[in-house]
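Undergrad: Sending over a structure as structure tokens; questions will come in a sec.
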Amino acid sequence: MRKLLGLIGLGAALTYFFHPEQGVRRRAQLRGRIEQMRQRAKGHGPMGHPDDVTLARQVESELFRDEEVPKGQINVNAENGKIVLRGEVGEAEMIRDLEQRARSVQGVSEVENLLHLPGVEAPMHK
């Protein structure tokens, strides 16, 4: 009985997906849904780009790999693929380096660098 129900189900699925008039559309929709599920499972949004939370975490991973970077003093946010760096670091060279490293992460479209040196007023958000 179980085999019979399985065969009936298989026949129904084949009929649904290989219908002479609507099968092409149904198969395309199924492929699209499967691709969307794959991208979500990878933490990616539409068109394969990482969603903002995933992108910010990827940038943090890249920046904080170096032990000299003051992790607790830097904030990384993503806004539609744009990375915003905020905080205070000890050297001007590190500010430039962190911006370059953030730009190197795949999926980053732009970097707004609001990092500043101690005793210097923080730049304003654009």
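The values are calculated or read from the model by the stated rules, or taken from the named source; none is laboratory data. The shown structure was predicted, so the numbers you read here are calculated from the model rather than taken from an experiment. No Cβ is skipped: glycine too gets one built from the backbone with ideal geometry, and neighbour counts run over all protein chains shown. Side chains are part of the model used for accessible areas, which takes the heavy atoms of the whole protein and leaves out ligands, DNA and RNA. Shrake-Rupley method; radii C 1.70, N 1.55, O 1.52, S 1.80 Å.
Undergrad: Per the Kirkwood formula on distinct C-alpha pairs, the Rh of the chain is how many angstrom?
TA: Details: mean 1/r = 0.0557 Å⁻¹.
Kirkwood hydrodynamic radius for the chain: 18.0 Å.
Undergrad: When Lys and Arg each count +1 and Asp and Glu each count -1, what net charge do the other residues less than 12 Å away from E68, Cβ to Cβ, add up to? Could you put the intermediate results ahead of the total?
TA: Details: positive: R65, K71; negative: D66, E67, E91, E93, D97.
In short, -3.
Undergrad: So, one more: Divide by every residue of the chain the summed helix terms, -39500 (n - 2.57) for each DSSP H run of at least 4, and state the resulting mean residue ellipticity at 222 nm, rounded to the nearest 500 deg cm²/dmol. Write out the running numbers ahead of the final one.
TA: On the way: 4 runs with 59 residues, N = 126.
Calculated from helices alone, the mean residue ellipticity at 222 nm is -15500 deg cm²/dmol.
Undergrad: Right, next: If I fit a long axis through the Cα atoms of helix 2-17 and take the longest principal axis of the Cα atoms of the chain, what angle between them do I get, 0 to 90°, rounded to 10?
TA: Helix 2-17 sits at roughly 70 degrees to that axis.
Undergrad: Hey, another quick one. Would you tally the net charge around E93, using a Cβ to Cβ cut-off of less than 14 Å, leaving E93 out, and scoring K and R as +1, D and E as -1? Let's see the in-between values first.
TA: Details: positive: R96, R101; negative: D66, E68, E91, D97, E99.
It works out to a net charge of -3.
Undergrad: So which trypsin sites (Lys or Arg not before Pro) in the stretch 1-103 pass both tests, a DSSP loop state and at most 15 other Cβ atoms within 10 Å of the Cβ? Provide the component values of the computation, followed by the final result.
TA: Details: sites: R2, K3, R25, R26, R27, R31, R33, R38, R40, K42, R57, R65, K71, K82, R86, R96, R101, R103; in loops: K42, R65.
For trypsin sites (Lys or Arg not before Pro) across the stretch 1-103 that sit outside H, G, I, E and B with at most 15 neighbouring Cβ atoms in 10 Å, the list reads K42, R65.
Undergrad: Let me ask something else. Between R25 and H125, what FRET efficiency follows from the Cβ-Cβ distance if R0 is 35 Å, with the result rounded to 0.05?
TA: The computed FRET efficiency comes out at 0.15.
Undergrad: What angle, in degrees between 0 and 90 and rounded to the nearest 10, separates the Cα long axis of helix 92-103 from the longest principal axis of the Cα atoms of the chain?
TA: For helix 92-103, the angle is close to 10 degrees.
Undergrad: Helix 23-41 versus the longest principal axis of the chain: what is the Cα-based angle in degrees, 0 to 90, to the nearest 10?
TA: Tilt of helix 23-41: around 30 degrees.
Undergrad: Now a separate question. Determine the per residue accessible area of the stretch 1-121 with all protein chains present and a 1.4 angstrom probe, expressed in square angstrom. If you can, show how the numbers build up before the last one.
TA: Values: 8580 Å² over 121 residues.
Value for the stretch 1-121: 71 Å² per residue.
Undergrad: How many percent of the accessible area of the stretch 15-126 is carbon or sulfur, using a 1.4 Å probe?
TA: Working: 3850 of 7740 Å².
About 50 percent, which is the carbon plus sulfur part of the accessible surface.
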